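**Student:** Quick one: this structure, given as structure tokens, is what I'll be asking you about.
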Amino acid sequence: MAPASSTTTIGESSRKSSPPFLQRWELLLPTRSQAKEAWGSIAAACIVIDRVRGATLQRLRKDRKNLSFRPSEQIDRFAIRLSTLKQQMARHGDKDL
């Protein structure tokens, strides 16, 4: 096994092997000096994610309310638009389908 490069730090090597969704946290958390600060950062990020999810759901509900069949549209195309809208709403946690 070849020794690690002198320019690569332990954090960098673990970051390269981590899944993409964890890389964001690994970049953020080592800068925090205390566990309380780290948990505060995680909580703040989760709040932002919930707000974005809520705004997206609000937009999707508006799209569903305004959904109508276009005069020159084929039935298959309308069904695909409706199905896609329902899938997006379900993915963002809408319970009112």
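The values are calculated or read from the model by the stated rules, or taken from the named source; none is laboratory data. Because the structure is a prediction, the values reported are computed rather than measured. Note that we place each Cβ from the backbone using ideal geometry, even for glycine, and neighbour counts take in every protein chain shown.
**Student:** List pairs: first residue in segment 40-58 and on the phi < 0 side of the Ramachandran plot and surrounded by 11 or more Cβ atoms within 10 Å (Cβ to Cβ), second residue acidic (Asp, Glu) and modelled with pLDDT under 85 anywhere in the structure, Cβ distance under 7 angstrom, at least six positions apart or on different chains.
**Tutor:** Partner pairs satisfying both residue conditions: 57/94.
**Student:** Which of (1) more than 17 Å from the chain's Cα centre (by Cα); (2) hydroxyl-bearing (Ser, Thr, Tyr); (3) at pLDDT 60 or above is the odd one out, the single condition residue 41 does not satisfy?
**Tutor:** (1)
**Student:** Take the residues of segment 75-96 that are among the acidic types (Asp, Glu) and closer than 16 Å to residue 53 by Cβ: which is nearest to the chain's Cα centre (by Cα)?
**Tutor:** So the first thing to find is which residues in segment 75-96 are among the acidic types (Asp, Glu), and the list is 76, 94, 96.
Within this subset, residues satisfying the condition of being closer than 16 Å to residue 53 by Cβ are 94, 96.
Numbers: 94: 15, 96: 21 Å.
The selected residue is 94.
**Student:** For segment 49-80, what are the residues that are among the hydrophobic types (A, V, I, L, M, F, W, C) and over 14 Å from residue 92 (Cα atoms)?
**Tutor:** Step one: filter segment 49-80 for residues among the hydrophobic types (A, V, I, L, M, F, W, C), giving 49, 52, 55, 57, 60, 67, 69, 75, 78-80.
Across segment 49-80, the qualifying residues are 67, 69, 75, 78, 79, 80.
**Student:** With (1) modelled with pLDDT of 75 or more; (2) part of a helix (DSSP H, G or I); (3) surrounded by 11 or more Cβ atoms within 10 Å (Cβ to Cβ) as the list, and residue 73 as the residue in question, which single condition is left unmet?
**Tutor:** (2)
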